[in-house]
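The values are calculated or read from the model by the stated rules, or taken from the named source; none is laboratory data. Only a predicted model underlies this, so the values are computations on that prediction, with no experimental measurement involved. Cβ placement follows ideal geometry from the backbone for every residue including glycine, while neighbour counts extend to all protein chains displayed. Just so you know, the surface numbers come from the protein's heavy atoms only, side chains and all, with ligands and any DNA or RNA stripped out. Shrake-Rupley method; radii C 1.70, N 1.55, O 1.52, S 1.80 Å.
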Amino acid sequence: MTYDFDALIERAGSNSLKWDVRDGELPMWVADMDFLVAPVIRQTVLEKASSGIFGYGIVPPGFAQAVHAWWEGRYGFGIESEWVQFCHGIVPAVSSLIRTLAEPGEGVVIQSPVYNCFYYSIEKSARTALINNLPYRNGQYGIDWDDLEAKLSDPRARMFLLCNPQNPTGQIWSPEELARMGEMAAAHQVTVISDEIHCDITEPGLAYTPFASVNQTCANTSITLVSPTKSFNIPGLQTSVAIVPDPALRKLTAASLSRDELTGPNSFAVEALIAAYTQGGDWLDAMRDYVWQNKALLSDFVGKHMPELHVIPGESTYLSWVDCSGLTEDATAFCTFLRQQTGLYVNPGELYGDNAKAFFRINLACPSSRVEDALERLSRGVAEWKARD
């Protein structure tokens, strides 16, 4: 089946967070696609809506079965049904688990730059962020293992909030890296919460490794949070999953999510997830192919016309992470200037950590004509920034 990812969907005036912008602006910031969702999901939602009844729902056995089939088929990870717990969303689950696993003032290890909501969840819960900065060398990211050991061995450390694959850098952690993280966390009795929401959106031909699949140590010390919401562009349906192999952690997770009222599905959440994971694979693969063409378009254009910028060769997510240190160390000021002068709206790297002030993040899950528009605006913005003096 073919899918029309070139279609320009008018989203202005639709109560869209992404498109709640001024006339003439091009929003490429929040992780939200501009593609119609997979036909099988649309059909499933329409059929549910046609019933005319939206009462309290349950989570049927088919929910866990769909999760099992997806991870077994795509990643060779045999998730057992009893490991699976429905939850409204990954960010609410992260916040709930932070409050459960760590007392006020205790520590949560994170690797910066990282998804900005990690910081917010830790801060709002009155816990302490223990930051393991990812070293950036020769245009790529790695791990400072000595510093990670120091953070995990900190007496305050209770959780390691891992982003796998990594947002915003697009890094896919290798099985060896994940195993080493798991062994270090286990040695210090630190529970790993692995946010794997971007796991399906990898470069065609590459696949990520589920943290809990690496070895028994990783399985026994972790809670994995996954969702079809990024992969299939359905965040508004609020459907996510906690996968917990260890019985004691599973009981704790269930109690945490229940306490915070995160376990009751809305009328479309369960059916949408089952449709995505049982029938949505072709759409996902076609979308990835299209997005990686957009990524190549960005990298090629920047390489030819804007040598001041460097696009990080990320292996995952439909987001691109751009180093603008050749232009300015203050990407926040540049992003503000870019939006004011050209209407292009991207995220400054400072949102993701203090070690990312010379970067910005741009969302490429949109028709290629919008990427071309963005490149023209970016080129003009760079030229006007340079001409200020």
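Below, the figures for the structure above:
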quantity: Every pair of residues 6+ apart whose Cβ atoms lie under 9 Å, when the first sits in the range 4-21 and is without any contact (Cβ under 8 Å) to a residue 60 or more places away in the chain while the second is among the aliphatic types (A, V, I, L, M) and open to solvent by 40 Å² or more (accessible area, probe 1.4 Å); calculated: 4/36; 9/36; 19/12; 20/12
quantity: Test: residue 111 is in a strand (DSSP E or B) and of a type outside the set (Gly, Ala, Ser); calculated: yes
quantity: Residue 302 under 19 Å from residue 166 (Cα atoms) and not in a loop (DSSP other than H, G, I, E, B); calculated: no
quantity: Enumeration of residues in the range 132-162 that are open to solvent by less than 60 Å² (accessible area, probe 1.4 Å), part of a strand (DSSP E or B) and closer than 24 Å to residue 325 by Cβ; calculated: 132, 141
quantity: Test result for residue 219, among the aliphatic types (A, V, I, L, M), open to solvent by less than 40 Å² (accessible area, probe 1.4 Å) and either in contact with a helix residue (DSSP H, G or I) (Cβ under 9 Å, 6 or more places away or on another chain) or modelled with pLDDT of 95 or more (or both); calculated: yes
quantity: Hits in the range 40-97 (condition: under 21 Å from the mean Cα position of the chain (by Cα), β-branched (Val, Ile, Thr), within 19 Å of residue 200 (Cα to Cα) and in a helix (DSSP H, G or I)); calculated: 41, 67, 90, 91
quantity: Residue ID - nearest to residue 167 (Cα to Cα), chosen from residues in the range 372-389 that are surrounded by fewer than 21 Cβ atoms within 10 Å (Cβ to Cβ) and of a type in the set (A, V, I, L, M); calculated: 375
quantity: Odd one out for residue 308 among (1) more than 20 Å from residue 166 (Cβ to Cβ); (2) part of a helix (DSSP H, G or I); (3) not polar (S, T, N, Q); calculated: (2)
quantity: Single condition residue 139 does not satisfy, out of (1) under 27 Å from residue 92 (Cα atoms); (2) touching an Asp or Glu at 6+ places or on another chain (Cβ under 8 Å); (3) not aromatic (Phe, Trp, Tyr); calculated: (1)
quantity: Residue satisfying all of: in the range 344-357; open to solvent by less than 10 Å² (accessible area, probe 1.4 Å) and more than 23 Å from residue 293 (Cα to Cα); farthest from the chain's Cα centre (by Cα) among these; calculated: 356
quantity: Residue selected from the range 188-200 under the condition out of contact with any strand residue (DSSP E or B) (no Cβ under 6 Å at 6 or more places or on another chain) and in contact (Cβ under 8 Å) with a residue 12 or more places away in the chain, by the criterion farthest from residue 316 (Cα to Cα); calculated: 188
quantity: Residue that is farthest from residue 158 (Cα to Cα) [pool: residues in the range 235-251 that are open to solvent by less than 10 Å² (accessible area, probe 1.4 Å) and assigned to a loop (DSSP other than H, G, I, E, B)]; calculated: 239
